Amino acid sequence: MCRIGAIKSLDYVHPSIALKLMQSQQEGHDNSGFAMVMQNLGGIFEPYKQLPTLSMACTDDGIKIAENILHESGFRRIVQWSPQVNDWPGLDISAMPHYVFETFNYPNAYENLGKKKKQKLLLDTRLRLREALEDNEEGFVYSFWPDVITLKEIGDPHDIGTYFNLWEVDDRFTAKVITAQCRQNTNYDIVRYAAHPFHLQGYTILANGENTFYLKNKEFQQGLHRGYIGFESDSQCFLYTLHYVHRQLGWPLRYYKHVITPLPFNQIEDRKDKKQLLAIRQSLSHLELNGPNTIIGMLPDNTLFTCCDAKKLRPVVIGHDDRMVVISSEICGINEVLPDRDWETDIYPNERETVAINDELEVQRWKQ
Amino acid sequence: METITVNNVTANDLPWKIIYDASRCTMCGSCVATCSFRAIKMTVERRRMVFSEGDFPDPKSRFSAVPVISQVDSIRDYCRGCGMCEKVCPNDAIRPERNPDTRHPIITRCLGGDSIKRGGRKNLEGSIRTLDSIRVGRISQMTDPSLDAQRHTFDLLAPFGRILPPGELPFTPNQDKELVSNDTTPPVNWIYPVIIGDMSIGALSWRMWEAMAMATAYLNEECGLPVRMSSGEGGVPRRLLRSKYLKYTILQIASGHFGWNRIATSMPDMIEDPAGIMIKIGQGAKPGDGGLLQAGKVAAHIQAIRGVPKTDLLSPPNHQGLYSIEESVQKMFLSMNAAFKFRVPVAIKVAASATSVSVFNNLVRDPYNIVGGFFLDGIDGGTGAAHEVSLDHTGHPIASKLRDCYLAAVSQGRQGQIPLWAAGGLGKTGDLAADAFKMICLGANGVFSGKLILQMAGCVGNDMGRCNACNTGLCPVGITTQESPLVHRLDPEKVAQNIVNYFLAMDQEFKKLMAPIGNSSLPVGRSDALISTDQAIAERLQIQHVC
């Protein structure tokens, strides 16, 4: 089973905190991998928040293929960071030869174009890179987006941390929001893309559970947007639904919950927004989720949120102090990161709740 | 050598033989009085009896006239195997027995010079039913828990009405981050995923029709199951049109437009809108063969409701003013606009056919978003009257066609926009929940059922040629007849109770199917939950093959 966690902080934090958050929950997951998405970056990426950063793992050939495509598209590299790896014998990690975290300037032709056009270019480029690297598994492109870094690897999370030197705290590789998960998709074939968090155009999702409406979700999403691809994990569907509802339809976040776990009909009947809720249930019925799930999501504006399935079949808890909010599957993770917090203010969201945390660390609880 | 006339019809030419035991018979006459087909009669046989009266054998013979029950040798008044004689006989003295050597299909045509007509379902049985080779095989365990059918809540509703693509919903967020509606949306009713119908008053006796209407009202008002009943093409009693229960009735319009004069003239008195309108284009049991109500059933009250003389009532196989799919859309548009001011969803019912997907594609792409349901009826559906050749030899099974339509919608990203409702032999084995659930997993939003409802009421007909005499107006159990003595055999309250109880049982069974796959709302299109032991079926329906 998965364990998921997320940190949102007023200060830049190092990924070692995320490792710590997840390490204590290791009895609940199977230590088969580590993946994280960092957003609102600090350290060496802080000056380039408006520019896209590529997160990729690849082979020697893969790096050439990717650079050719980026060069051809007119992207100009500004900063590059490669983790200093500790390739010690005995570490449980299936490492790729190269890990690339590079920030680019937009192509000249795009300099003065609007945000939407740039965002379209970034998605198209990532999809192109992904496709080009797919043969012989030359590489995996996890994200190509401003102010976002993604790292995913197969192996023991502790060893992965050692390999990437993530246990050693520094101020060069930090972020204000980090989401993390410690499990590969061990139920099926191990595929790097199958590990959450998943990222698309500033939206990030990770989930603990099983989406039994996976096929319905997938069949519907495939026709909704060109970015909805892969489907290596049933949890990707949650990302695409979030992206669709919030970005494509332009609906407020609270409606995400209405889409994935609509209210029962008898409760909708009594609501003054009955018309909207019924229409959502009708038109988006193929995006509904069934099965046990806890979801943690991140929006482009750094809002972090969590919600559950309609029967609350998976745990989640939110703890906080003045400078940091931590969401985690298990309380032990939060105890590790925020041992001195007032645990009486911890939040255990219910099955109809969405809890969202904004950049000021204001915690909002919406009842569906 | 005896001289005989072999062309005379005799009992061994007929589909059923009456087995009669004179030694048990008390000559009470119940069987003869009961037989609505007049297939048995009281008669007198000449019997020879040998006896001996003295102390020593001294055989003598005596002839006597003995009253007996005997079978009528007629291709008009022949035994349908309904078994009413056996049911009423106090002494088990009489029963029908299937005659495997029947010459009925041949002699009826030879003597009548007309095609054979009957009611019921297709009587040609082939291999195992498709749905019986399918199981719900994706059981939730460990990674996701099964739900508890007794304790968890389930949302068992299906849409009837046109559903907009999400991008076309007229909603925008206001300052409080709430979605506000800027425009109207097509009417959609969420109803129970099993619709009763669509069988007309006329095809059915008034008691049977009333029983269904009562059951529907009870299920809604007392049991909380929003079941809807389709009127069939034959009109609706004014009393119902003017009552609050109209909201549970889907009004059907077919090519004969029977009963619509009354419906139209009742509109000013309606206090509720009907649950929907169903435009019937075709019927699975006899596709391309129009409606048929034989004159024998056109009783005075049927004449009144439909506004017709006593004659065979034939709904044409096509709508006379409707030549293309586009026109059918236009027709729906007009009927909605004119009749119920866009408040009532309008759906279309067609027979499953090799061409169903083309029709569905055309409707699902209609730019006006007005087709509120695609009712697809397969070959195993029942009918009150049809030519046997149509019943047995025309039509298309429902499972693959429904699946084709759903996958056609999926390939266009339009799944769910026109709700798919399937029928045609569902519940044939008596287990409608299982059949319906599998159809839902294959892509149906819901199902509709007619013949099974009659079986709940006491219909004794089956798919091996038993009874199937709905067309004659002589239904022995009072379901498909307008003969007063026969109709009074049916207790409408008991029938309503049976229907209600069946639905309650089915509702529980739905939950027993949803719980193991961990779903609390209907798994429409969740074909990953299904497996099949038949490779060809698995491949055709795109589900997992297992062995």
> In a GNM of chain A with a 10 Å cut-off on Cα contacts, which of A:LEU278, A:LEU151, A:LEU299 has the highest mean-square fluctuation?
Replying inline: A:LEU278
> What ranking do A:157-165, B:437-445 get when scored by the average of other Cβ atoms within 10 Å per residue, highest first?
Replying inline: B:437-445, A:157-165
> For segment B:11-114, what is the accessible area per residue in Å² when the probe is 1.4 Å?
Replying inline: 62
> Which whole-angstrom value gives the distance between the alpha carbon centres of segment A:150-219 and segment B:402-445?
Replying inline: 37
> Can you list, largest first and rounded to whole Å, the semi-axes you get for segment B:213-280 by taking the square root of 5 times each eigenvalue of its Cα gyration tensor?
Replying inline: 20, 14, 9
> So what's the gap between the Cα centers of segment A:249-263 and segment A:95-111, to the nearest angstrom?
Replying inline: 34
>> Just want the answer: with Cβ charges of +1 for Lys and Arg and -1 for Asp and Glu, which residue in B:PRO159, B:ILE531, B:GLY256 is farthest toward the dipole's positive end in segment B:134-545?
In response: B:GLY256
>> Exposed loop sites here are GluC sites (Glu not before Pro) in DSSP loop states with at most 11 other C-beta atoms within 10 Å. What is the longest stretch of chain B lacking them?
In response: B:223-547
> About the Cα centre of segment A:4-367, what is the dipole size in debye to 20, counting +1 per Lys and Arg Cβ and -1 per Asp and Glu Cβ, all else neutral?
Replying inline: 1900
> Which whole number gives the average count of other chain Cβ atoms within 10 Å of the Cβ atoms across peptide A:287-293?
Replying inline: 5
> For segment A:4-367, what D do you get in µm² per second when you plug the Kirkwood radius from alpha-carbon pairs into Stokes-Einstein at 4 °C and 1.567 mPa s?
Replying inline: 63
> Equivalent-ellipsoid semi-axes (√(5λ), Cα gyration tensor) for the protein assembly as shown, whole Å, largest first?
Replying inline: 68, 29, 24
>> Please compute, for peptide B:350-356, the average count of beta-carbon atoms on other protein chains lying within 10 Å of each residue's beta-carbon.
In response: 0
>> Please compute the alpha carbon radius of gyration of segment B:369-486, then divide it by the globular-protein estimate 2.2 N^0.38 Å. Two decimals is fine.
In response: 1.22
> Which entries in the list B:LYS401/B:LYS438; A:LYS8/A:LYS49; B:LYS117/B:LYS297; B:LYS244/B:LYS511 go over 24 Å, if you measure between the two C-alpha atoms of each?
Replying inline: B:LYS244/B:LYS511
> Could you give the length gained on full extension between B:ASP55 and B:SER146, defined as 0.36 nm per residue of separation minus the Cα-Cα distance, in nm?
Replying inline: 24.4 nm
> Across peptide A:128-141, what mean number of C-beta atoms from other chains lies inside 10 Å of a residue's C-beta?
Replying inline: 0
>> What distance in nm separates the two pseudo spin-label positions at B:SER484 and B:MET1, each 7 Å out from Cα along the beta-carbon direction?
In response: 5.6
>> Given all pairs of different Cα atoms, what value in angstroms does the Kirkwood hydrodynamic radius of segment B:11-114 take?
In response: 15.4
> Once Lys and Arg get +1 and Asp and Glu get -1 on their Cβ, which of B:ALA215, B:VAL66, B:GLY446 lies farthest toward the positive end of the dipole of chain B?
Replying inline: B:VAL66
> So what's segment A:217-368 giving for Cα Rg divided by 2.2 N^0.38 Å, two decimals?
Replying inline: 1.09
> For q = 0.24, 0.25 Å⁻¹, what log10 I(q)/I(0) does segment B:486-538 give under the Debye formula with an equal point scatterer on each alpha carbon and no solvent?
Replying inline: -0.95, -0.98
>> Quick check: Cα centre of segment B:1-52 to Cα centre of segment B:157-203, how many Å?
In response: 61
>> Tell me the total accessible area that B and A bury against each other, 1.4 angstrom probe, in square angstrom rounded to 100.
In response: 3400
>> At a 10 angstrom cut-off on C-beta neighbours, averaged per residue, how do the peptides B:235-241, B:363-369, A:107-113 rank from highest to lowest?
In response: B:235-241, B:363-369, A:107-113
> Cα-Cα over 29 Å: which of A:LYS117/A:LYS272; A:LYS117/B:LYS177; A:LYS115/A:LYS176; B:LYS87/B:LYS512?
Replying inline: A:LYS117/A:LYS272; B:LYS87/B:LYS512
> How big is segment B:134-545 by Rg and Dmax over its Cα atoms, in Å?
Replying inline: 20.8, 69
>> If you count only protein heavy atoms with a 1.4 Å probe, what accessible area per residue comes out for segment B:134-545, rounded to a whole Å²?
In response: 36
> Once the Cβ-Cβ distance between A:ASN112 and A:ASP301 is put in as r, and R0 is 25 Å, what FRET efficiency do you end up with, to the nearest 0.05?
Replying inline: 0.60
>> Quick check: residue separation of A:ARG271 and A:ALA132 times 0.36 nm, minus the Cα distance between them. What number comes out in nm?
In response: 45.1 nm
> Once Lys and Arg get +1 and Asp and Glu get -1 on their Cβ, which of B:THR383, B:VAL410, B:THR429 lies farthest toward the positive end of the dipole of segment B:367-437?
Replying inline: B:VAL410
>> Using a probe radius of 1.4 Å on heavy atoms only, what accessible surface per residue do you get for chain A? Whole Å² is fine.
In response: 37
> trypsin sites (Lys or Arg not before Pro) within segment B:55-104: which are DSSP loop residues with at most 16 other Cβ atoms inside 10 Å?
Replying inline: B:ARG76, B:ARG103
> In debye, nearest 20: dipole of segment B:382-541 around its Cα centre with unit charges on the Cβ of K, R (+) and D, E (-)?
Replying inline: 280
> B:ARG207: net charge of surrounding residues, Cβ under 10 Å, Lys/Arg +1, Asp/Glu -1, itself excluded?
Replying inline: -2
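The values are calculated or read from the model by the stated rules, or taken from the named source; none is laboratory data. Since the structure is predicted, the reported quantities are computational estimates derived from the model, not experimental observations. Cβ atoms come from the backbone with ideal geometry, glycine included; neighbour counts cover every protein chain shown. For the accessible areas, the whole protein counts, side chains as well, though only heavy atoms, and no ligand, DNA or RNA atoms are used. Shrake-Rupley method; radii C 1.70, N 1.55, O 1.52, S 1.80 Å.
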